[in-house]
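All remarks here apply to the structure that follows.
Quick note: the coordinates plus some simple rules give every number you see, no bench work behind them. The model shown is predicted, which means the values in this text are computed figures rather than measured ones. We place every Cβ from the backbone using ideal geometry, glycine too, and count neighbours over all the protein chains shown.
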Amino acid sequence: MTIAAGTPGLETSVGNFALIDTLREWGIVHYAGVNGGGIIHTTKYLLPMTEMSHITDGVPRMLTMGEYASGFVPMGYYLASGRVGCCFTTTGAATKLGASGITEAKVHDIPSLYLLALNSTTSIGDAPLQDVSEHGMHIVPQLQAEIGEACIVIDNHNRLEEDLIKAQNFLHKKRPVVIAFHPDVLSREIEINVPKKEKTRTYNKADVERFIADFPEMAKGRRVIIYVGEEAAFYPNIQELSTELSVLLKAPTIWSMNGANAVAPNNPYGYGYIMMGGNEKSMELWSEMDPEEDLCITLGFCAGEYSINLEKIKAKCTWHFGEHVEGYGHINGDFSHRCAGEYRQVRGDISLTLQEVISQLKAMGVDKDRPEEPTYDDLNDREIWRDVRKDCVDFVAFYEELPKYWQPNSIGFDDVCISYKDRQYVTQRPHPYIPFWSGHHGSAMGGAFGMGVGAKMGDPSLHTFIFSGDGCWRLFGGCLADAAWMDLRLFIINNGTYGIVDKGLELIIPTVEKPRYHSKLPNIDFVQAAKAHGWDGYNVKPDLSNLKEIMEACYETKGQSILIEIPVDTEQVVGLNARLLNLSTDFYL
């Protein structure tokens, strides 16, 4: 079935068709957003997406959903499928709404595509509706300030082919791409040919040779710490390879929130999550790192505040494995400024690099006479208050119980609420059946819902779970009806507050009276709200006696999404937030 399919009004000789058809050839067939204004002559080449069969029929389609949620759809789409998804926004405020997703894609280095309309070139200067030109919102310089040359402006139809080649190259570099077009320019006649170009997997042989020449001697008698970042999670066989490296070097291994997806649950040298919701063993290891003796290998480099907390890696030498050296937090293509000691790069595909490095290190006998490092079953030693209100669940018990019910082929998303610091603290290690992802660098509340929608669009076979807060709900609640048919599973953690704010301010400004925290929320009956939007719903009982029944329902696919409300006591503090110490200092004042 062609895009135009002989329908009147769907010209196949113009730029609007050429753009959608080229993206189809690249494998980009799924879009999300709201139609109108400057995009109507582009979106007319898309059919609606309103049922599960539409996801798999290969026809370019658009899910109509509010732009804030839609802005996060390409992220979830890529995380579930490894393919690029797309968000459409029309001229004006719609772009501002979708732009939160652009930011999150940038800071998590997720290749994502955003198509947005500028004003017609003939209307600029005449105060057009939703003026995004230099006389109004002046949107292009704003986007260029954020993503640089990856904001591509279609202002010349004769340059469309060149611009699309540039867009594809940026996507290969794991960067979000904005294609901002003037509607009248794309409506002109044009023929282009920009075939899909596959990205080549490779590694830098000179870097590997340098590592093999220097590392074994340097590592003799020294502890090696492995820090697994989220870039590593996108490579094949990475859990097996990262474990093999840990065992080979007897290396205590820590990981970031998303880097956990590159770690095997049974890695014997696993010390746990670092920083946000970090486990005690990982945090002790981090704080005790010896700048005169310890070496560090990072698989990827998570430089964000929730990953290394504005600090430097305190190792004598840090070896950074990864091909994405211009990721979030880099300066001039490296992360030497985030390392207290020497910094060296081993550039390239992490899996290919590790295969080569591990093979050569084994042949050299590097595993012999390595310093013995302790291993742990329990990564925590903090005592948590658990005397919660009778109408609430014990959140520790909830996260202890939940892993029993995960089934293969699942994927989870944590929103910007207590779930993205509590889950990893309690569970301690990744689960073999369900990777969890969080958009924590940009920390945009409500983004997990759009990511979950995108994941389902990217791979409808995945059982998709979203953990969100009663505060996060405020940003996406109206979009539930658009996803009622998608078999999503949305857990709302209801503590009646902006929980991270409420408990955090008790430490940051303890002498200020609580009403000035501005953290309380009026209650919502989330199950009834969900049912009004076409979803099914359950309330988790405080004693968790119906959790098994709820999880069994979650794994049934009946073509209806389900919301599950969890009552939580805001006074219970589970995972810790290292950033609170920063907010308590003069750094933020």
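Among the listed pairs LYS421/LYS548; LYS520/LYS558; LYS197/LYS250, which have their C-alpha atoms separated by more than 32 angstrom in this model?
In this structure, LYS520/LYS558; LYS197/LYS250 lie more than 32 Å apart at Cα.
When a/c is below 1.5 the answer is rounded, else prolate if a/b is larger than b/c, else oblate, so apply that to segment 44-126 with a ≥ b ≥ c taken from the square roots of the Cα gyration tensor eigenvalues.
oblate
Tally the DSSP beta bridges in the chain and give the antiparallel ones as a percent, rounded to 5.
If I count the DSSP bridges inside the chain, around 5 percent turn out antiparallel.
Give the relative contact order (percent, whole number) for segment 395-588; include only Cα pairs under 8 Å separated by 6+ residues.
Dividing the mean separation by the residue count of segment 395-588 yields 24 percent.
Counting alpha carbon pairs within less than 8 Å and at least 6 residues apart, what relative contact order, in whole percent, applies to the chain?
With pairs under 8 Å counted, the relative contact order is 14 percent.
What does the extension gain come out to for THR200 and SER120, with contour length at 0.36 nm per residue minus their alpha carbon separation?
This chain segment gains 25.0 nm when fully extended.
Apply the a/c threshold of 1.5 to the C-alpha gyration tensor of segment 15-186 and tell me whether it is rounded, prolate or oblate.
rounded
Restricting to Cα pairs below 8 Å that are 6+ residues apart, what does the relative contact order work out to for segment 15-186? Please round to a whole percent.
22
Taking amide H atoms as placed 1.01 Å from N in the peptide plane, list the residues 5 or more away in sequence, or in a different chain, whose amide H sits under 5 Å from that of MET49.
MET62, LEU63, THR64
Net charge near GLU372, counting Lys/Arg +1 and Asp/Glu -1 over other residues with Cβ under 14 Å of its Cβ?
Residues close to GLU372 contribute a combined charge of +2.
Please give the contour-minus-distance gain from LYS96 to LEU507: 0.36 nm per residue of separation, less the Cα-Cα distance, rounded to one decimal in nm.
Residue separation times 0.36 nm, minus the Cα-Cα distance, leaves 144.6 nm.
For ASP57 and ARG382, compute 0.36 nm times the residue count separating them, minus their Cα-Cα distance, and round to one decimal in nm. Don't jump to the answer; show the numbers that get you there.
Working: separation 325, 0.36 × 325 = 117.00 nm, distance 5.10 nm.
Between ASP57 and ARG382, full extension yields 111.9 nm more.
Charges at C-beta only: +1 for Lys and Arg, -1 for Asp and Glu. How large is the resulting dipole of segment 435-509 about its Cα centre, in Debye rounded to 20?
Working: 4 positive and 6 negative charges, 6 e Å.
Computed about the Cα centre, the dipole is about 20 debye.
So, counting K/R as plus one and D/E as minus one, what does the shell of residues with Cβ under 9 Å around GLU231 add up to? Before the final figure, lay out each step's value.
Details: positive: LYS174; negative: ASP109, GLU230, GLU323.
So the surrounding residues net to -2.
Quick check on the exposure proxy: order MET364, MET445 from fewest to most C-beta atoms within 10 angstrom.
MET364, MET445
Once volume of the Cα convex hull per residue in Å³ is worked out from the coordinates, which option in (1) 148; (2) 161; (3) 243 does it equal?
(2)
For n ≥ 4 DSSP H runs only, could you compute -39500 (n - 2.57) per run for the chain, divide by its residues and tell me the 222 nm figure to the nearest 500?
Numbers: 21 runs with 184 residues, N = 589.
Estimated from H runs of four or more residues: -8500 deg cm²/dmol.
Quick one: if you stick a label point 7 Å off each Cα along the C-beta vector at GLN407 and ASP391, how many nm between them?
Modelled inter-label distance: 3.4 nm.
Suppose R0 equals 60 Å. What FRET efficiency, 1/(1 + (r/R0)^6) with r the Cβ-Cβ distance, do HIS135 and ASN332 give to the nearest 0.05?
0.95
Enumerate by residue number the chymotrypsin sites (Phe, Trp or Tyr not before Pro) in segment 1-79 meeting two conditions: DSSP loop (anything except H, G, I, E, B), and at most 15 other Cβ atoms within 10 Å of the site's Cβ.
Details: sites: PHE17, TRP26, TYR31, TYR45, TYR68, PHE72, TYR77, TYR78; in loops: TRP26, TYR45, PHE72.
Filter output for segment 1-79: empty list.
For a protection proxy built on the mean count of beta-carbon atoms within 10 angstrom, sort 472-483, 394-405 highest first, please.
Top to bottom by mean Cβ count within 10 Å: 472-483, 394-405.
I need the calculated FRET efficiency for the pair ILE40 and ARG344, taking r as the beta carbon distance and R₀ as 51 Å, to the nearest 0.05.
Result of the calculation: an efficiency of 0.45.
Report, for segment 395-588, the % of DSSP beta bridges that are antiparallel, rounded to 5.
Restricted to segment 395-588, the bridges split so that about 10 percent are antiparallel.
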